1. Among the residues in the stretch 180-191, are any touching a helix residue (DSSP H, G or I) at 6+ places or on another chain (Cβ under 7 Å), farther than 28 Å from Ile8 by Cβ and basic (Lys, Arg)?
2. Does Gln31 satisfy the condition of being of a type outside the set (A, V, I, L, M, F, W, C), away from ligand 2 (no atom under 16 Å from the Cβ) and touching a Lys or Arg at 6+ places or on another chain (Cβ under 8 Å)?
3. Could you list, in sequence order, the residues of the stretch 30-55 that are within 20 Å of Gln71 (Cα to Cα) and either in contact with a Phe, Trp or Tyr (Cβ under 6 Å, 6 or more places away or on another chain) or without any contact (Cβ under 8 Å) to a residue 60 or more places away in the chain (or both)?
4. With (1) within 19 Å of the chain's Cα centre (by Cα); (2) open to solvent by 10 Å² or more (accessible area, probe 1.4 Å) as the list, and Arg16 as the residue in question, which single condition is left unmet?
5. In the stretch 109-125, what residues are crowded, with 17+ Cβ neighbours inside 10 Å and either of a type in the set (D, E, K, R) or at positive phi (or both)?
6. Could you tell me which of the residues Pro172, Pro180, Pro128 is in contact with a Gly (Cβ under 6 Å, 6 or more places away or on another chain) and at negative phi?
7. Checking the structure you have, find out if any residue of the stretch 19-41 is open to solvent by 60 Å² or more (accessible area, probe 1.4 Å) and over 22 Å from Gly227 (Cβ atoms).
8. Of the residues in the stretch 122-157, how many are outside any helix (DSSP H, G or I), within 23 Å of the chain's Cα centre (by Cα), farther than 21 Å from Gly170 by Cβ and not polar (S, T, N, Q)?
Amino acid sequence: MNDCETVIDIQDMEFRWQTSGPLTLAIHRFQVSGGERLFIKGASGSGKSTLLNLLGGVMTPQRGEIRVLGQTINRLRGAERDRFRADHVGFIFQMFNLIPYLSVMENVLLPLHFSRNRYLRVTQRGTPVQEAARLLSHLDLDGEEIQQREVTALSVGQQQRVAAARALIGSPEIVIADEPTSSLDSDRREAFIKLLIHECELAGTTLLFVSHDSSLESAFDRSVALGQINGAVPTSTTGMKGV
Ligand SMILES: Nc1ncnc2c1ncn2[C@@H]1O[C@H](COP(=O)(O)OP(=O)(O)OP(=O)(O)O)[C@@H](O)[C@H]1O
Ligand SMILES: [Mg+2]
């Protein structure tokens, strides 16, 4: 993927949760370049998670176009969108969504069961287990003992790094992180972001990182306030404007 190539391009997009309800998002134009590390900020309820779900093809807008890696994903059928997401997008959720009865290693390997592309990319370099172990080590989860542990036996900060390794395995072109640091103290937050950005740099991955916390934005190439790109007036942000 060439840097500077547009990997995300939203045009005249409108989304509302209910057909006759208020507009949640109205975005005339929003573009992200390949390899860019973008910080997206905004008040609670301003639509950050909604935007990320639209970009990941979890939901579709009522109007407009969302092009990801040249594909107009809102024109794909449900199963095709699921496949597209599995192949090209790694998600890190706020609550991590790790599978509790699986080990650290098994959680990290999971995306390779859903995406043959990501599996093949990994096996060009070695075995899936070797690649998962490499990522976990880079994210400071070194050693077989911790990698074989059930994820419920980890601290929150450790679980967060497992979620990051799972999003990164098989080098998806885009990694989307939805406030993954909100439960960490500020030292751990900065360390995690450094590790995540470093991994994305190594693989040329485009990173979209959402947070309320403006103190983190200096680590990123660019920062966007949702309120700047969203023409819809928020209805439930109790007077807080998108920061
Ligand atoms: N499943 C849903 N059904 C209906 N409305 C929803 C749903 N999820 C979110 N909304 C509404 O859409 C708007 C945007 O919500 P969203 O979750 O995208 O905000 P956010 O910016 O991610 O907030 P936070 O910072 O608190 O995570 C809010 O008004 C919210 O009430
Ligand atoms: Mg949210």
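1. yes
2. no
3. Within the stretch 30-55, Gln31, Thr50, Asn53, Leu54 meet the criteria.
4. Here Arg16 meets the rest and fails (1).
5. Within the stretch 109-125, Arg118, Arg121 qualify.
6. Just a single option satisfies the conditions, and that option is Pro172.
7. Yes - at least one qualifying residue is present in the stretch 19-41.
8. Qualifying residue count for the region: 1.
The values are calculated or read from the model by the stated rules, or taken from the named source; none is laboratory data. None of these values were measured; they are calculated from a predicted model. Backbone-built Cβ (ideal geometry, glycine too); neighbour counts: all protein chains shown. These area figures cover heavy atoms from the full protein model, side chains too; ligands, DNA and RNA do not enter into them. Shrake-Rupley method; radii C 1.70, N 1.55, O 1.52, S 1.80 Å.
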